[in-house]
Amino acid sequence: MPVAIGDTVPDLALPATGDKIIRLADLRGKNLVLYFYPRASTPGCTLEGQAFRDAANAFEAVGTTILGASRDGIKAQENFKAKQGFPFDLLSDTDELLCRAFDVIKLKKLYGRESLGVERSTFLIDTDGVLRREWRRVKVKGHVEDVLAAARDLAQG
């Protein structure tokens, strides 16, 4: 059953950039922005990642960690992070455990073909590991500003 607003997020451990394994439970004590993107190094995903990168200090100022996630392998994630200078880690979810926990695998249509893919989505998780906000079918423009406003509200209690 996918995580819903008010639920504690599952304690999953995933490979991350920097040769790490990140466990969601280890991030408790800080708020967390977890954003899912369809594919590393594609135009929309690059713009979204750059927007989070550019706002990283503002998120840090309100006690919020950022993590990006996609189904890409760790090598693709490492290359994406290095090329774009992301100050946050990217998770490799090749087994789709995290994607399925947050119900972001959706049927997509492109050029008349249907396939299963990651729906651009963002989740805001509080210091206790409870899902507080979600944005689905994200449009990149203005999105990070909305998430930052919600992170500021959450930090103020």
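Accessible area per residue for the chain in Å², computed with a 1.4 Å probe and the full protein assembly in place, what is it?
Working: 8200 Å² over 157 residues.
The answer is 52 Å² per residue.
Between residue 12 and residues 5 or more places away or on another chain, which pairs have amide H atoms under 5 Å apart, with H built 1.01 Å from N, and which residues are they?
Those lying under 5 Å, H to H, from residue 12 are 24, 25.
Taking residue 75 as the anchor, which aspartates and glutamates have their alpha carbon closer than 18 Å to its alpha carbon, excluding any fewer than eight residues away along the same chain?
19, 89, 93, 95, 96
Please grab the % of Cα pairs in segment 1-75 that end up more than 16 Å from each other.
Working: 1605 of 2775 pairs.
The proportion of pairs with Cα distances above 16 Å equals 58 percent.
Once you have a ≥ b ≥ c as the square roots of the Cα gyration tensor eigenvalues for segment 102-157, tell me rounded if a/c is under 1.5, and otherwise prolate or oblate according to whether a/b is larger than b/c.
Details: a/c = 6.03, a/b = 2.06, b/c = 2.93.
Judged from the Cα gyration tensor, segment 102-157 comes out oblate (a/c at least 1.5, b/c at or above a/b).
Report ³J(HN,Hα) in whole Hz for each residue of segment 80-86, in order, from the Karplus equation J = 6.51 cos²θ - 1.76 cosθ + 1.60 where θ = phi - 60°; Gly and Pro get x.
For segment 80-86, the Karplus curve yields 4, 4, 5, 5, 9, x, 5 Hz.
Can you compute log10 of I(q)/I(0) for the chain with the Debye formula, treating each Cα as one identical point scatterer, at q = 0.21 Å⁻¹?
With no solvent term, the Cα-only Debye profile gives -1.57.
Taking the Cα centre of the chain as origin, sum charge times position over the Cβ atoms of Lys and Arg (+1) and Asp and Glu (-1), and report the length of that vector in debye to the nearest 20.
Working: 23 positive and 22 negative charges, 118 e Å.
I would put it at about 560 debye.
Name the chymotrypsin sites (Phe, Trp or Tyr not before Pro) in segment 64-157 that are in a loop by DSSP and that have at most 13 other C-beta atoms within 10 Å, would you? Each step should come with its number before you reach the end.
Values: sites: 80, 88, 102, 111, 123, 135; in loops: 88, 102, 111.
The qualifying sites are 111.
Among 129, 68, 142, which one moves the most in a GNM of the chain with springs linking Cα atoms closer than 10 Å?
Between 129, 68, 142, it is 142 that shows the largest mean-square fluctuation.
What's the carbon and sulfur percent of the chain's accessible surface, probe 1.4 angstrom, rounded to a whole number? Walk me through the numbers on the way to the answer.
On the way: 4060 of 8200 Å².
Here it works out to 50 percent.
Taking amide H positions as placed 1.01 Å from N in the peptide plane, with prolines and chain starts having none, which residues 5 or more places from residue 65, or on another chain, fall under 5 Å of its amide H?
So residue 65 has HN proximity to 31, 32, 33.
Output the relative contact order of the chain, whole-number percent, from Cα pairs under 8 angstrom with separation of 6+ residues.
So the answer I get is 32 percent.
Would you mind computing the Rg to Rh ratio of segment 82-126 from its alpha-carbon coordinates, Kirkwood style for Rh?
Values: Rg = 13.4 Å, Rh = 12.7 Å.
Rg/Rh: 1.05.
The values are calculated or read from the model by the stated rules, or taken from the named source; none is laboratory data. These figures come from a predicted structure and were not determined experimentally. Glycine also receives a Cβ, built like all others from the backbone with ideal geometry; neighbour counts cover every protein chain displayed. Accessible surface areas use protein heavy atoms only, side chains included; no ligands, DNA or RNA. Shrake-Rupley method; radii C 1.70, N 1.55, O 1.52, S 1.80 Å.
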